[in-house]
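K.L.:
Once you've had a glance at the structure underneath, I'll fire off some questions.
Derivation of every value follows stated rules applied to the coordinates shown; laboratory data play no part. Note that the coordinates shown come from a computational prediction; the quantities given were computed from them, not determined experimentally. Virtual Cβ from ideal backbone geometry, glycine too; neighbours counted across all protein chains shown.
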Amino acid sequence: MARLKLAILGWAVASLFFTAVLMVSDIGGHKTLGFALAVNAVHFALWVLALPVLSKCVRRFPLSQGKRIWNAVVLLLAVAAIGLAVMLSQWSILYSTFFPNGAWALWVFLKSGLVRFLPSDILIGIVLVLALEGWRVWLDFQAERTRATDLERQLAVARLDALRMQLHPHFLFNTLHAIAGLIVEQPPTARRMAIALGDLLRLTLKDNGKDTGGSVRSLAEELEFADLYLGIEKLRLGDRLVLDYDIEPEATSAEVPQLLLQPLFENAVRHGAARTLHACEVRFRAYRQGNELCLTLANDGPARSPASGSQPFGVGLTNTLARLRLYYQNRFTFQYTDRPQGGVRIDLSIPYKRAGAESEDRREDLYAATQSAHTNADRR
């Protein structure tokens, strides 16, 4: 309704303006006010009717995206065709109303006026195309600003949710209880667990503001953070947790949303090794495939009964999906699969984008998930 009102207002303003121009100049000759008003009213009414077709062409062949030269040529041809149709329709209507002569007289009139009036209609079409393209770019800009604001807000929420997950009472109390039990029996292990827990808390609370709200970082940095969590769980669960990394070097420099992997790893551990008494493997694979960064996370665990229905997502996975939609809209895939032999497999792909140079080479070995925690503890 708002667009219809705007179109009607534009039609009225253009008709009155060009009628005034026609009457005060010698362009219209000795034409009456009624004829001048009818000429412009019919002319711009036809252009208003052509606007949906023109708008569809602009959306299909945008000047700011894709093959710009090809799109410009297509739009110019479309404008010429629409302008010709508008001119023929306008003078056919006016001729049948003001000059009811024979059909041959109409053809003679149109033939003589083709060179005179068609360029002006093509010019009007070009102006409308530029206006529609400018309006589309403005709307995209406003949508991007809104999305950026939502990303910042969502990131703040995600940080709080991630903090709640990382400091989940079950995880925190189990870690402290394990440290207390190992102080007498295995002091070095208890010391390493306490140091790793402190590193995790410090990195969680650290305000990383290198980019827009610290919302993205390299996969290497994301794995460095996840390793702190996995190192604590490895010390706590011992041989029950087996880690297997398969990471291509090119994938480590890919840009990923901050706090993307930790909820996935936490979900794998909590529903895998933490629920069984035998060894459970957590396998993580990262590789680049064309313009996509592909991540696969699979874990062993108890097999879920088919009668239990679909597995509802918890806070971590729900939050991860919401952030992926904000960052990539529909340009990502997320597949959650229950493995027949037990456990879960998650396949995720996002557009590949290289992170900043300062994010590269942060870790020399991405395959030893717990070595950094042990090394730091021994040095202290």
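K.L.:
Per 5 Å bin, what percent of the C-alpha pairs of segment 170-301 does each bin hold, from zero upward?
P.N.:
2, 10, 18, 20, 18, 16, 9, 5, 2, 0, 0
K.L.:
If Lys and Arg each add +1 and Asp and Glu each add -1, what is the summed charge of the other residues whose beta carbon sits under 13 Å from the beta carbon of Gln289?
P.N.:
-2
K.L.:
Let me ask something additional. What FRET efficiency comes out for Gln186 versus Asn291 if R0 is 45 angstrom and r is the Cβ-Cβ distance? Round to the nearest 0.05.
P.N.:
E(calc), rounded to 0.05, equals 0.40.
K.L.:
Also: So how do 64-74, 316-326, 242-252, 222-232 stack up, highest first, on mean other-Cβ count within 10 Å?
P.N.:
The peptides rank, most packed first, as 222-232, 316-326, 242-252, 64-74.
K.L.:
Suppose R0 equals 41 Å. What FRET efficiency, 1/(1 + (r/R0)^6) with r the Cβ-Cβ distance, do Leu77 and Lys353 give to the nearest 0.05?
P.N.:
0.70
K.L.:
Please give the FRET efficiency for Thr318 paired with Glu248, using the beta carbon to beta carbon distance and R0 = 25 Å, rounded to the nearest 0.05.
P.N.:
Taking R0 as 25 Å, the efficiency between Thr318 and Glu248 is 0.30.
K.L.:
Using the Cβ atoms and a cut-off under 13 Å, what net charge is assigned to the surroundings of Ala178, where Lys and Arg are +1 and Asp and Glu are -1?
P.N.:
+3
K.L.:
Taking the Cβ of Val53 as the center, what net charge do the other residues with Cβ under 13 Å away carry, scoring Lys and Arg +1 and Asp and Glu -1?
P.N.:
Summing Lys and Arg as +1 and Asp and Glu as -1 gives +3.
K.L.:
If you plug each phi of segment 184-192 into the Karplus form 6.51 cos²θ - 1.76 cosθ + 1.60 with θ = phi - 60°, what whole-Hz ³J(HN,Hα) values come out, in order, with x for Gly and Pro?
P.N.:
Working through the residues one at a time gives 8, 6, 9, x, x, 5, 4, 5, 5 Hz.
K.L.:
Sort 296-302, 215-221 by packing, meaning the average of other beta carbons within 10 Å per residue, with the highest value first.
P.N.:
Order by mean packing, descending: 215-221, 296-302.
K.L.:
How big is the antiparallel share of DSSP beta bridges in segment 182-300, given as a percent to the nearest 5?
P.N.:
60
K.L.:
In addition: Show me the ranking of peptides 121-130, 328-337 by mean Cβ neighbours inside 10 Å, starting with the highest.
P.N.:
Most protected by this proxy first, the peptides run 121-130, 328-337.
K.L.:
Quick one: Karplus J couplings for segment 233-239, per residue in order, coefficients 6.51, -1.76, 1.60, θ = phi - 60°, nearest Hz, x for Gly and Pro?
P.N.:
Those phi angles translate into 5, 5, 5, 6, 8, x, 5 Hz.
K.L.:
For Glu281, what residues show an amide H to amide H distance below 5 Å, using hydrogens built from the backbone and excluding near sequence neighbours?
P.N.:
For Glu281, whose amide H was placed from the backbone, the distant partners under 5 Å are Val242, Asp300.
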